[in-house]
Amino acid sequence: MAIKPRIKLDKKDAKKGDLVEVKALVSHIMESGQRKDSSGNVVPRKILNKFTCTVNGKEVFSADFEPAISANPYIQFKFKAQESGPVVLTWTDDDGSKIVGEESITVS
Amino acid sequence: MKLSINRRQMLTIGAGAAALGMLGLPVTPAYAKNDSDEAIAKFTGGKAPTAGRVKLDLPEIAENGNTVPMTVSVESPMTEQSHVTDVLVVTDGNPRAGVATFHFSPASGVAEANTRIRLATSQNIIAIAKMNDGSFYSATKAVKVTIGGCGG
């Protein structure tokens, strides 16, 4: 099942040097590995452990997540507009699969 | 021999037992300290961070520990010469200390990130920022949690 993240940039057209705010939300259980099911077995950990954001192929922000991040992780950060191009957000799951979302930005 | 214990003796025994409980074997704390110190030491390489420059924004009281909004920002010009490289966020009361590590660069423009975190109980949240010159800054914020957020 492909999960589609929700991504919002506060501006699509920016002047060079402007700060662009990114807000992103993705559906994920973020199973902490601490919880037990009804028969007392520990539910295995399954979280998105890595997040990266690249603008035109250059990394501008990244984060490592631990189980203490809430389910349906939300992330908000800023980057400095330098050049036009795709804004690609990637979340990496514990099982190695990736969730990718893309927006674009025009820098004048 | 008949063993008789009157009321006064009974009270003494009771008090003695209570005192033993307090002084004798170490009583397990309600919440054992987690690995936050180790996590911080690993991040800073044993250096003591200076308090300041880091701002942690969390509610004073979180009604639902399952999702507590958290903003961490670090005062820095974010230029090639002087910028924040990493920010570690840990808690001292969750089963595991780690929350997240944010990685910044001059391309970030500003060292600021917001996310939502889980807090199992009332506790301190600690953010430590690593600068590109190798110095460390920190901030601590206590949050009261009404309903813990680790399921169970």
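Below are the figures for this structure:
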quantity	calculated
Criterion violated by A:A63 - all others in (1) within 16 Å of the chain's Cα centre (by Cα); (2) buried (at least 17 other Cβ atoms within 10 Å of the Cβ); (3) in contact (Cβ under 8 Å) with a residue 24 or more places away in the chain; (4) in a strand (DSSP E or B) satisfied	(3)
Residue that is among the β-branched types (V, I, T), more than 9 Å from chain B (Cβ to nearest Cβ) and in contact (Cβ under 8 Å) with a residue 40 or more places away in the chain, where the choices are A:I75, A:I105	A:I105
A:V43 being in contact with a helix residue (DSSP H, G or I) (Cβ under 7 Å, 6 or more places away or on another chain), aliphatic (A, V, I, L, M) and within 11 Å of chain B (Cβ to nearest Cβ)	no
Only listed residue being under 13 Å from the mean Cα position of the chain (by Cα) and either modelled with pLDDT under 95 or among the small types (G, A, S) (or both), chosen from A:G101, A:G96, A:G85	A:G101
Lone qualifier among A:K4, A:K23, A:K78 - being part of a loop (DSSP other than H, G, I, E, B), of a type in the set (K, R) and either over 23 Å from B:V72 (Cβ atoms) or touching a Phe, Trp or Tyr at 6+ places or on another chain (Cβ under 9 Å) (or both)	A:K4
The range A:35-59, subset surrounded by 11 or more Cβ atoms within 10 Å (Cβ to Cβ) and polar (S, T, N, Q), residue nearest to A:P73 (Cα to Cα)	A:N49
In the range B:102-131, the residues that are in contact (Cβ under 8 Å) with a residue 24 or more places away in the chain and at the interface with chain A (Cβ under 7 Å from one of its Cβ atoms)	B:F102, B:F104, B:S108, B:G109, B:V110, B:E112, B:A113, B:N114, B:T115, B:R116, B:I117, B:R118
Some residue of the range A:6-20 being touching a Gly at 6+ places or on another chain (Cβ under 6 Å), away from chain B (no Cβ under 14 Å) and at negative phi	yes
In the range B:113-145, the residues that are among the hydroxyl-bearing types (S, T, Y) and under 13 Å from B:I40 (Cβ atoms)	B:Y137, B:S138, B:T140
So A:E83, is it touching a Leu at 6+ places or on another chain (Cβ under 7 Å), farther than 24 Å from B:F43 by Cα and among the charged types (D, E, K, R)	no
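The values are calculated or read from the model by the stated rules, or taken from the named source; none is laboratory data. What you see is a predicted model; the values in this text were computed from it and never measured. Counting neighbours? That spans all protein chains shown, and the Cβs are built from the backbone with ideal geometry, glycine included.
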